[in-house]
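Chemist: The structure's right below; bear with me while I get my questions together.
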Amino acid sequence: MRKLVYYVAVTIDGFIAGPGGEFDFFPIEPDVMRVLTPELPETVPTAFREQAGVADLPNRRFDTVVMGRGTYDPAFKEGITSPYAHLKQYVFSRSLAGTDSEVEIVSADAAEFVRGLKRQEGADIWLCGGGDLAAQLAGEIDEMIIKRNPIVIGDGIRLFDGPFEAHRFALTETRPFESGVVVMRYAKN
């Protein structure tokens with residue numbers, strides 16, 4: 001069965017974006033990119049794949065991406081309606097109408113929808129953000145790849161932005177980088 005993998009950058013204090021959804025304070029660290037980009041080339045947005053040197057690389061881990069409206073909006077507002085055209089894309093929103101792109105807008109229950117995706121044949125599913133969607137899908141997440149950045153912002157969108165509900169994960173890998181970023185992998189217990 002396919003896995004749902006939450007792969008995301010986070011601050012030391014647990015935020016994936018600022019209070020207004022901003023994420024431009026996360027640096028693109030060359031030491032981290034040299035390692036992670038070849039491992040997960042499909043996580044590079046389509047518009048930047050050539051610049052990142054992965055335009056011709058096949059998807060290695062994921063063939064599907066799921067994201068919340070807040071994660072989709074920055075690209076959408078710039079006229080990019082299909083940010084990951086090399087993946088099957090689903091955006092969870094109850095207010096966004098369908099787009100003229102390869103993105104499917106989903107207003108159904110997120111956990112139920114993702115359980116259906118997991119039963120289909122294919123590669124793993126990347127949960128790209130945001131915090132509200134991650135909280136809705138917490139029980140469905142099989143693995144997390146967390147890029148903890150040496151930044152504190154004090155307020156913003158939390159890694160999981162929802163009600164209290166405990167889910168146990170086991171740390172399976174820790175990779176520190178000279179830039180101060182630590183990539184941690186967790187598997188569902």
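The values are calculated or read from the model by the stated rules, or taken from the named source; none is laboratory data. Bear in mind that the values here come from a model prediction, so they are computed numbers and not experimental data. Cβ atoms come from the backbone with ideal geometry, glycine included; neighbour counts cover every protein chain shown.
Chemist: Which residues, counting only those in region 59-81, are at pLDDT 95 or above and surrounded by fewer than 22 Cβ atoms within 10 Å (Cβ to Cβ)?
Modeler: Of everything in region 59-81, those that are at pLDDT 95 or above and surrounded by fewer than 22 Cβ atoms within 10 Å (Cβ to Cβ) turn out to be Asn59, Arg60, Arg61, Asp63.
Chemist: Does Phe160 satisfy the criteria of being buried (at least 19 other Cβ atoms within 10 Å of the Cβ), among the aromatic types (Phe, Trp, Tyr) and at pLDDT 95 or above?
Modeler: Against the criterion (buried (at least 19 other Cβ atoms within 10 Å of the Cβ), among the aromatic types (Phe, Trp, Tyr) and at pLDDT 95 or above), Phe160 qualifies.
Chemist: Also, I was wondering about something else. Does any residue of region 91-98 turn out to be farther than 24 Å from Glu178 by Cα, touching a strand residue (DSSP E or B) at 6+ places or on another chain (Cβ under 9 Å) and without any contact (Cβ under 8 Å) to a residue 12 or more places away in the chain?
Modeler: yes
Chemist: Okay, moving on. Report those strands (runs of 3 or more DSSP E) wholly inside region 72-189 carrying at least 1 residues which are under 23 Å from Lys3 (Cβ atoms) and among the acidic types (Asp, Glu).
Modeler: Those strands (runs of 3 or more DSSP E) span 103-106, 124-129, 143-149, 169-176.
Chemist: In addition: Quick check, is Val44 within 13 Å of Asn149 (Cα to Cα), within 18 Å of the chain's Cα centre (by Cα) and modelled with pLDDT of 95 or more?
Modeler: Here the answer is no, as Val44 does not meet what is asked.
Chemist: Looking at the structure I just gave you, is Phe160 under 18 Å from Ala135 (Cα atoms) and free of Cβ contacts under 8 Å to residues at least 12 places away in the same chain?
Modeler: No, not satisfied.
Chemist: Within the group Ala110, Ala135, which residue is out of contact with any strand residue (DSSP E or B) (no Cβ under 6 Å at 6 or more places or on another chain), among the aliphatic types (A, V, I, L, M), at pLDDT 95 or above and closer than 19 Å to Val8 by Cβ?
Modeler: On inspection, the qualifying residue turns out to be Ala135.
Chemist: Could you tell me which residue of region 1-57 is surrounded by the fewest Cβ atoms within 10 Å (Cβ to Cβ), considering only residues that are within 20 Å of Ala123 (Cα to Cα) and either without any contact (Cβ under 8 Å) to a residue 12 or more places away in the chain or in contact with a Cys (Cβ under 9 Å, 6 or more places away or on another chain) (or both)?
Modeler: Out of the qualifying residues, it is Asp56.
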